[in-house]
Amino acid sequence: MIQLRRALLVSLACVFSAACGPGPAPDVDVAEYVGRNTCSTCHVEQAEAWTGSHHDLAMQEPTEATVLGDFDNASFEHLGVVSKFSNRDGTFFVETESPTGALEAYEVAYTFGVEPLQQYLVEFPGGRYQALGIAWDSRPVGDGGQRWFHLYPDERITPTDALHWTRREQTWNYQCAECHSTNLRKNFDPSSSSYATTWSEIDVSCEACHGPGAEHVTLAERVATGRGNTPDSWAIALAGDDRGQWMRAPDQRIAQRTETLASSDQVGTCAHCHSRRSTVAEGWSAGTPLLDSDRPALLRDGVYHPDGQILGEVYVYGSFVQSKMYRAGVTCTDCHDPHTLGLRARGNAVCSQCHAPPVFDTPEHDYHLAEATRPACVDCHMPERTYMGVDPRRDHSLRVPRPDLTLVTGAPNACTSCHRDRPASWAADAVEAWYGPRADSVPHFSRAFLAAWEGRATAGAMLERVARDRGESGFVRASALSALEPYLGTPGRLATVELGIEDADPLVRLGALEALASSTPEVRLQLAYRLLGDSTRVVRIEAARLLAPVPAVRLPGGAQNTRLAEGLAEYVDAQMVNSDHPSAHLNLAQLWAQRGDAARSEAAGREALSLDSTSVPAYTNLADLLRAQGRDSDVEVVLSEGLRRVPDDPALLHAMGLLRVRQGRVTEALPMLQRAAAGAPEVARFSYVLGVAFNRTGDERAIGVLESALELHPTDVDILQALAVFHRDSGRTALALPYAERLVELRPSDPGVQALMAQLLAMGR
């Protein structure tokens, strides 16, 4: 049992037996956390509001009251696998597919969530808890609920699949735990590949958001006993977020803050869980700046739509910080009660807190004249997308519907998401008729991201405009800078990156660093070095990662320079936070290879494989490392084992095909390279290598393979160059020239490209 401090003369213990977690937490951490019972002694109203909330019920011990699913000998079939659910005298069991593929009975250790679905955790050896892939739909029957369903309804997730419920990607300790419990410590031991995970409280309790309360309690006790005065700060509030009030004069359409918001602490506190991000530091507590603990995912193809609307599971933050609301100083608790988690008002009233109803809550604003069909504000400005089969979540970018952008980018819009029988052109015409034609002085950023994701040559200039637009959100500018990476060959474009390096917004600085990922060591040293001492952790460690290949003698002060060593140490620490996942060790393998430490690099690569023997990146990265050392016999061993574990994987087939080419066994290589290219046409490199291999053997299919690949990857420099060179070498100068011209558009300052173009022009005379 965790020993907690006495506070306000109340003797405390864990709230219930499971509240202390499977084992004791470190004393220093435990001493700082006092538990909800202590908080509720003074904060009665807040505690009552929190009770029964999603935070309160985030994770629970399984009892007749907490288990919502049908365990009355129910069964559920999914693509040939029949799972059974039973209750044996208050202990809950599920019989389902084991890691071996056989059916096995497992005891439910914890419930996970409550509405609109509830999942169940099963304890495995090594302190792991696995989340079942079958969940209970807790919605009412009338809404389609009260049923078992599979989280991947259309896929057969086999035991060898990373997404199988028994595999690492469904491990609670790694994927879920931190945001469903308070003061969680993962406590992963790489040497035994086991967890000793602990928490102070089983769910998202008071101190999960407000931070450890011991100091706060001590101050309160001193005031209560007359041994001190009320302090200026209680050291537990979400500092700065309550400054000022929203006020709207009678003649104003929209309220404004009476004082500028002093900090984004509250949004950052919520974003620690309500965001798509990777963790860079363990032991987070409230008040820690978000970018000192987490690295948010920027706008990426497959994660967001080009216009910034949510696509993948991004958990609010990434959309909200795009909004004008966020930039105006709106915080989470302006709309949501921080304890019940419900809205502060019903329906449109939550919006009417700031937006004048006579202006905005009228048919004249939304043009839905019939009262019965009038949408709510959120229907137009916060459209829903459903995740996990039954969980609708609203886009928090709070954007004006833009069906005209749908016509350009294919992104959804609120109008036709409701009027499904109508085309986007109909909606765009209606919006223009109602509100007049748009007169945007700067094209919407969606066009730039779409161009970049499609690999168009014009994307660079478009992204540059977005990155330089100070009227745009920092999140979008950072994303534009990051996406600039393939387009830095144009003279002067590095100046835009340099502006990002000097930006006041740390997220923008991070995006600028990401743009330098494929730059020369000279450019990295010129721009990234100045951010080694940045005040924000994610910026510092990204700068260090970029500078890892730079020899010490080229640094200011040479070998005596300690800034890079300190930055790299922090980068290593950030990776070890996720040492229970292969990707962390792959990152370290790359780092040590760049630093010239082949032994440590190989050890890290093999550690990744020990964590997951089916990790394709682990096999291919280790093979690349060994190849660089001239150890082709070891490369073959690694790749053969990979193909045994993950048969027919395109990346492994491609790597083995390249090995056969190096061995002079081109005839054996070609079928492997063909299967790789056919299995992953989205990977331009696979098709390029196949085309080169065909050309080397005199196979006329080379041109066809490359031309087909170019349709999917219209700006791939390697494919364009190969087509130009192959046609040139065959004497088809006229056919080579268009490809060379496209190369010049993409890489106007590349000496090799200029030389190729000059040669072709000379040949054509």
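Observations on the structure shown:
- The single condition from (1) out of contact with any strand residue (DSSP E or B) (no Cβ under 8 Å at 6 or more places or on another chain); (2) assigned to a helix (DSSP H, G or I); (3) farther than 18 Å from GLY133 by Cβ that GLU178 fails is (1).
- When residues in segment 361-405 are screened for being of a type in the set (Val, Ile, Thr), modelled with pLDDT of 95 or more and farther than 20 Å from VAL321 by Cα, 2 of them pass.
- Taking residues in segment 495-521 that are in contact (Cβ under 8 Å) with a residue 60 or more places away in the chain, and partners anywhere that are assigned to a loop (DSSP other than H, G, I, E, B) and loosely packed, with under 14 Cβ neighbours inside 10 Å, the pairs with Cβ atoms closer than 8 Å and at least 6 places apart or on different chains are PRO506/SER535.
- Condition met for TYR317 (touching a His at 6+ places or on another chain (Cβ under 7 Å) and either without any contact (Cβ under 8 Å) to a residue 40 or more places away in the chain or buried (at least 17 other Cβ atoms within 10 Å of the Cβ) (or both)): yes
- Restricting segment 256-280 to residues that are surrounded by fewer than 17 Cβ atoms within 10 Å (Cβ to Cβ) and of a type in the set (Gly, Ala, Ser), the residue that is farthest from the chain's Cα centre (by Cα): ALA262
- Any hit, segment 667-689, residues being modelled with pLDDT of 95 or more and of a type in the set (Ser, Thr, Tyr): yes
- Residues being modelled with pLDDT under 85 and either touching a Pro at 6+ places or on another chain (Cβ under 6 Å) or of a type in the set (Ser, Thr, Tyr) (or both) - total across segment 226-259: 2
- For ARG346: the one exception among (1) in a helix (DSSP H, G or I); (2) surrounded by fewer than 17 Cβ atoms within 10 Å (Cβ to Cβ); (3) among the charged types (D, E, K, R): (1)
Residues checked against (1) assigned to a helix (DSSP H, G or I); (2) modelled with pLDDT of 95 or more; (3) not assigned by TED's automatic domain parsing to the domain that holds ALA131:
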{"site": "ALA411", "(1), (2), (3)": "no, yes, yes"}
{"site": "VAL431", "(1), (2), (3)": "yes, no, yes"}
{"site": "VAL442", "(1), (2), (3)": "no, no, yes"}
{"site": "LEU450", "(1), (2), (3)": "yes, yes, yes"}
{"site": "ALA457", "(1), (2), (3)": "no, no, yes"}
{"site": "GLY460", "(1), (2), (3)": "yes, no, yes"}
{"site": "ALA467", "(1), (2), (3)": "yes, yes, yes"}
{"site": "PHE475", "(1), (2), (3)": "yes, yes, yes"}
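- Any hit, segment 309-318, residues being in a helix (DSSP H, G or I), more than 21 Å from LEU57 (Cα to Cα) and in the same structural domain as ARG402 (by TED's automatic domain parsing): yes
- Per the listing ALA678, ALA734, ALA669, ALA724, the residue uniquely outside the structural domain of PRO159 (by TED's automatic domain parsing) and closer than 26 Å to ALA459 by Cα is ALA724.
- Extreme residue, modelled with the lowest pLDDT, among residues of segment 545-559 that are farther than 21 Å from GLN590 by Cα and assigned to a loop (DSSP other than H, G, I, E, B): GLY557
- Among the residues of segment 200-207, not a single one is assigned by TED's automatic domain parsing to the domain that holds GLU123, part of a loop (DSSP other than H, G, I, E, B) and crowded, with 17+ Cβ neighbours inside 10 Å.
- Filter pass, VAL400 being of a type in the set (Val, Ile, Thr) and surrounded by 15 or more Cβ atoms within 10 Å (Cβ to Cβ): no
- Selection count, segment 287-301, where residues are assigned to a loop (DSSP other than H, G, I, E, B) and surrounded by 21 or more Cβ atoms within 10 Å (Cβ to Cβ): 2
- In segment 111-137, the residues that are free of Cβ contacts under 8 Å to residues at least 24 places away in the same chain and closer than 15 Å to PHE149 by Cα form Cβ pairs under 6 Å with partners that are among the hydrophobic types (A, V, I, L, M, F, W, C) and not in a loop (DSSP other than H, G, I, E, B), at six or more places apart or across chains, as follows: GLN119/PHE112; GLN119/ALA131; GLN119/ALA135.
- Restricting segment 492-513 to residues that are in contact with an Asp or Glu (Cβ under 7 Å, 6 or more places away or on another chain) and charged (D, E, K, R), the residue that is nearest to GLY474 (Cα to Cα): ARG509
- Restricted to segment 530-548, and to residues there that are more than 14 Å from ASP294 (Cα to Cα) and among the hydrophobic types (A, V, I, L, M, F, W, C), the residue that is surrounded by the fewest Cβ atoms within 10 Å (Cβ to Cβ) is ALA548.
- In segment 580-597, the qualifying residues are those that are touching a helix residue (DSSP H, G or I) at 6+ places or on another chain (Cβ under 7 Å) and of a type in the set (Gly, Ala, Ser), and the one that is nearest to PHE188 (Cα to Cα) is ALA584.
- Count of residues meeting criterion [of a type in the set (A, V, I, L, M) and touching a residue at least 40 places away in the same chain (Cβ under 8 Å)] in segment 353-377: 2
- Residue selection: HIS272 satisfies the criterion of being of a type outside the set (Phe, Trp, Tyr) and touching a strand residue (DSSP E or B) at 6+ places or on another chain (Cβ under 7 Å).
- Among (1) out of contact with any strand residue (DSSP E or B) (no Cβ under 8 Å at 6 or more places or on another chain); (2) closer than 18 Å to ALA281 by Cβ - the single one ASN578 does not satisfy: (1)
- Residue list for segment 62-87, filter: within 34 Å of the chain's Cα centre (by Cα), among the hydrophobic types (A, V, I, L, M, F, W, C) and assigned to a loop (DSSP other than H, G, I, E, B): VAL67, LEU68, LEU79
- Candidate set: segment 131-164, residues that are modelled with pLDDT of 95 or more and of a type in the set (Gly, Ala, Ser); chosen: the one surrounded by the most Cβ atoms within 10 Å (Cβ to Cβ): ALA135
- Residue in segment 560-583 that is farthest from the chain's Cα centre (by Cα), counting only those that are among the polar types (S, T, N, Q) and outside any helix (DSSP H, G or I): ASN561
The values are calculated or read from the model by the stated rules, or taken from the named source; none is laboratory data. Every value quoted in this text rests on a predicted model; they were computed, and no experiment measured them. Because the Cβ atoms are built from the backbone with ideal geometry, glycine has one as well, and the counts that use them run over all protein chains shown.
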